[in-house]
Amino acid sequence: MTFPYKLVATDLDGTLLRDDDTVSERTRAALAAATAAGAAHIIVTGRAVPWTRHILDDLGYQGIAVCGQGAQVYHAGEHKLLTSLTLDRQLAGLALSKIEAEVGPLALAASRDGLDGEVLVGPGYRVQEGPLPAVFVKDAIEMWSAPLNKVYIQHPELDDDALANAARGAVGNLVNVVMAGPGVVEILPLGLTKATGLSLAARRLGVKAADTLAFGDMPNDIPMFAWAQHGVAMANAHDDLKAVAHEITASNEDDGIAVVLEQLL
């Protein structure tokens with residue numbers, strides 16, 4: 001059995017994972033069949049390694065994963081961080097002050113670098129319920145005391161798209177701003193995208209963009225779709241991603257990844 005792609009890149013939340021944070025048996029079987037047919041599977045997620053590891057372990061995933069919007073390339077089988085890019089904290093502070101000058105005060109959280117990097121949550125920041133560990137800090141200044149991969153921002157009134165657009169307008173020449181999911185607007189090092197991390201991981205595997213099939217659901221997946229040969233948006237995807245997708249499949253709840261892989265197989 002031949003498979004037309006050498007690499008299958010899947011986003012995690014809203015794509016590979018169902019809404020209860022599990023992967024269906026059908027999707028597991030389709031991915032296993034694709035890998036048996038010679039394709040590598042890479043998870044490419046906005047989550048930093050500490051928020052991704054338990055899911056990879058549960059999947060029995062032994063390969064390379066791209067985490068932190070491309071900042072971290074992680075070897076799941078060896079529990080080892082292969083590359084990690086940090087956000088210049090001085091630059092991030094400048095960017096935040098410029099954004100706040102435009103839209104008013106923001107609530108902040110920050111993801112610390114490393115295999116065990118904590119997510120620090122400042123006053124007023126709304127954390128989504130779930131198993132992901134977060135450390136609440138009374139003073140946002142505590143966030144800046146150790147290297148960070150990214151900073152999360154929220155606004156009391158603006159929705160995610162409006163906040164991301166305003167932030168990009170204010171500081172797009174200093175940092176990258178992405179909307180990565182509901183309530184998740186992130187500030188990243190300039191030029192860093194999922195495509196950056198995916199291209200590094202693909203190079204390690206000896207695979208090219210022309211051999212890559214990518215699945216995603218949010219605007220932070222747009223660069224990955226631009227890099228890959230074929231981009232598939234989930235039915236539940238953001239309109240901005242659907243607009244650049246080559247194909248739209250079923251939702252994450254309805255095994256959208258499996259639907260496409262089974263057709264290709």
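Brief remarks follow.
- The residues of segment 191-220 that are over 22 Å from Thr35 (Cα atoms), under 11 Å from the mean Cα position of the chain (by Cα) and in a helix (DSSP H, G or I), listed by number, are Pro219, Asn220.
- Subset of segment 14-36 that is open to solvent by less than 50 Å² (accessible area, probe 1.4 Å) and aliphatic (A, V, I, L, M) - its residue that is nearest to Thr2 (Cα to Cα): Ala34
- Residue check, Met179 open to solvent by less than 20 Å² (accessible area, probe 1.4 Å), part of a helix (DSSP H, G or I) and either touching a strand residue (DSSP E or B) at 6+ places or on another chain (Cβ under 7 Å) or within 20 Å of Val66 (Cα to Cα) (or both): no
- Consider segment 242-257 and keep the residues that are of a type in the set (S, T, N, Q) and assigned to a loop (DSSP other than H, G, I, E, B). The one that is surrounded by the most Cβ atoms within 10 Å (Cβ to Cβ) is Thr249.
- For the condition under 26 Å from Leu198 (Cα atoms), open to solvent by 70 Å² or more (accessible area, probe 1.4 Å) and touching a Ser or Thr at 6+ places or on another chain (Cβ under 9 Å), Asp58 qualifies.
- Taken across segment 8-31, residues that are free of Cβ contacts under 8 Å to residues at least 60 places away in the same chain, within 14 Å of the chain's Cα centre (by Cα) and not in a helix (DSSP H, G or I) do not occur at all.
- Leading residue by the ranking (nearest to Leu174 (Cα to Cα)) among those in segment 132-159 that are assigned to a strand (DSSP E or B) and not aliphatic (A, V, I, L, M): Lys150
- Matching residues in segment 94-138 - criterion: being open to solvent by 80 Å² or more (accessible area, probe 1.4 Å) and among the polar types (S, T, N, Q): Gln128
- Residues of segment 65-111 that are under 25 Å from Thr10 (Cα atoms) and among the hydroxyl-bearing types (Ser, Thr, Tyr): Tyr74, Thr83, Ser84, Thr86, Ser111.
- Put simply, of Leu264, Leu200 the only residue that is of a type in the set (A, V, I, L, M, F, W, C), open to solvent by 40 Å² or more (accessible area, probe 1.4 Å) and within 16 Å of Ala71 (Cα to Cα) is Leu200.
- Positions within segment 160-173 being at pLDDT 95 or above, closer than 14 Å to Leu94 by Cα and either open to solvent by less than 20 Å² (accessible area, probe 1.4 Å) or not charged (D, E, K, R) (or both), in sequence order: Ala167, Ala170, Val171
- Against the test of being farther than 23 Å from Pro219 by Cα, in contact (Cβ under 8 Å) with a residue 60 or more places away in the chain and not hydroxyl-bearing (Ser, Thr, Tyr), the options Leu91, Leu87 yield a single qualifying residue, Leu91.
- Breaking point among (1) at positive phi; (2) in a helix (DSSP H, G or I), for Gly114: (2)
- Hits in segment 59-79 - residues which are in contact (Cβ under 8 Å) with a residue 24 or more places away in the chain and over 20 Å from Gly216 (Cβ atoms): His79
- Within segment 130-142, being within 21 Å of the chain's Cα centre (by Cα) and either within 14 Å of Leu108 (Cα to Cα) or of a type in the set (Lys, Arg) (or both) holds for Ala134, Val135.
The values are calculated or read from the model by the stated rules, or taken from the named source; none is laboratory data. Here the structure is a predicted model, which means the values were calculated and not measured. Don't worry about glycine lacking a Cβ; one is built from the backbone with ideal geometry, like all the others, and counts go over all protein chains shown. Remember, those area values only see protein heavy atoms, side chains included, never the ligands or the DNA or RNA. Shrake-Rupley method; radii C 1.70, N 1.55, O 1.52, S 1.80 Å.
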